[in-house]
Amino acid sequence: MPANLIRNPNNEHIMTKRILLALVCFLPLTLFAQDIKIGFYNKAEIFQAMPETVEATKKIDQIVQAYEKELSLINEEYQKKGADYVAGRDTMPEAIRLRREAEVTDLQQRLQSFYQDSQDNIKKQQQDLITPIYKKLDTAIKAVGQENGYLLIFDTSVTASLSYWSVDKCTDVTNLIRAKLGLK
């Protein structure tokens, strides 16, 4: 009888260990594959429905209007002084012409500087007002995911990063997130 057909209790024990090890390794994968829960939602839609967003938008609009009003005043002054300068520059003595030219140039620089500062300030105000709202929304999304056992929840408002997804195999968790935020 060939040596490899002789029953060896140690070989059987090793074989049994290998089979058990394979089952232990692959069983969780098969169970895991059956329990994968993937959800989706539209972040932009929920964000716009949040009362904090409405309030932040009102505040930002007020800030923008205040800057636009001030820019308009500076621009009116610049336009008036510029028109006065152009109308009289040929008849003015050189010292007055140089002084008015410097005033117009100074107003133009102030207008440009104020415009840039206003844009920077508006952007900072937007970040300061919007960042906490996004953090609150992200916290709600994570809580919904953890409480309901989702492996992944993705945002459908950013479809550029999604090549394909099946609505049939995913769950719309928008209402769960809205409920977590206290939205109707």
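The values are calculated or read from the model by the stated rules, or taken from the named source; none is laboratory data. Please read these numbers as outputs of a predicted model, since none were measured by experiment. Neighbour counts run over all protein chains shown; Cβ positions are idealised from the backbone, glycine included. These area figures cover heavy atoms from the full protein model, side chains too; ligands, DNA and RNA do not enter into them. Shrake-Rupley method; radii C 1.70, N 1.55, O 1.52, S 1.80 Å.
Here are a few things to note about the model shown:
- Extreme residue, modelled with the lowest pLDDT, among residues of the range 24-60 that are among the aromatic types (Phe, Trp, Tyr) and open to solvent by 70 Å² or more (accessible area, probe 1.4 Å): Phe32
- Restricting the range 96-115 to residues that are under 30 Å from Val64 (Cβ atoms) and acidic (Asp, Glu), the residue that is most open to solvent (accessible area, probe 1.4 Å): Asp106
- The condition (being out of contact with any helix residue (DSSP H, G or I) (no Cβ under 8 Å at 6 or more places or on another chain) and within 30 Å of Leu73 (Cβ to Cβ)) is satisfied by just one residue among Asp117, Asp172: Asp117.
- Hits in the range 127-156 (condition: of a type outside the set (Val, Ile, Thr) and under 19 Å from Ile36 (Cα atoms)): Lys142, Ala143, Gly145, Gln146, Glu147, Asn148, Gly149, Tyr150, Leu151, Leu152, Phe154, Asp155
- Among the candidates Tyr78, Tyr85, Tyr67, residue that is under 22 Å from Gln127 (Cα atoms) and open to solvent by less than 60 Å² (accessible area, probe 1.4 Å): Tyr67
- Among the candidates Ile153, Ile177, Ile133, residue that is of a type outside the set (Asp, Glu), over 18 Å from Ile74 (Cα atoms), touching a strand residue (DSSP E or B) at 6+ places or on another chain (Cβ under 9 Å) and assigned to a helix (DSSP H, G or I): Ile177
- Condition broken by Ala102, with the remaining ones in (1) under 24 Å from the mean Cα position of the chain (by Cα); (2) closer than 30 Å to Tyr78 by Cβ satisfied: (1)
- Within the range 79-93, residues that are within 18 Å of Asp106 (Cβ to Cβ) sit with their Cβ atoms under 8 Å from residues that are of a type outside the set (Ser, Thr, Tyr) and open to solvent by less than 30 Å² (accessible area, probe 1.4 Å), at 6+ positions apart or across chains, in these pairs: Lys81/Val104; Lys81/Leu107; Gly82/Val104; Gly82/Leu107; Tyr85/Val104.
- Taken over the range 166-184, the criterion of being open to solvent by 70 Å² or more (accessible area, probe 1.4 Å), basic (Lys, Arg) and touching a residue at least 60 places away in the same chain (Cβ under 8 Å) is satisfied by Lys169 alone.
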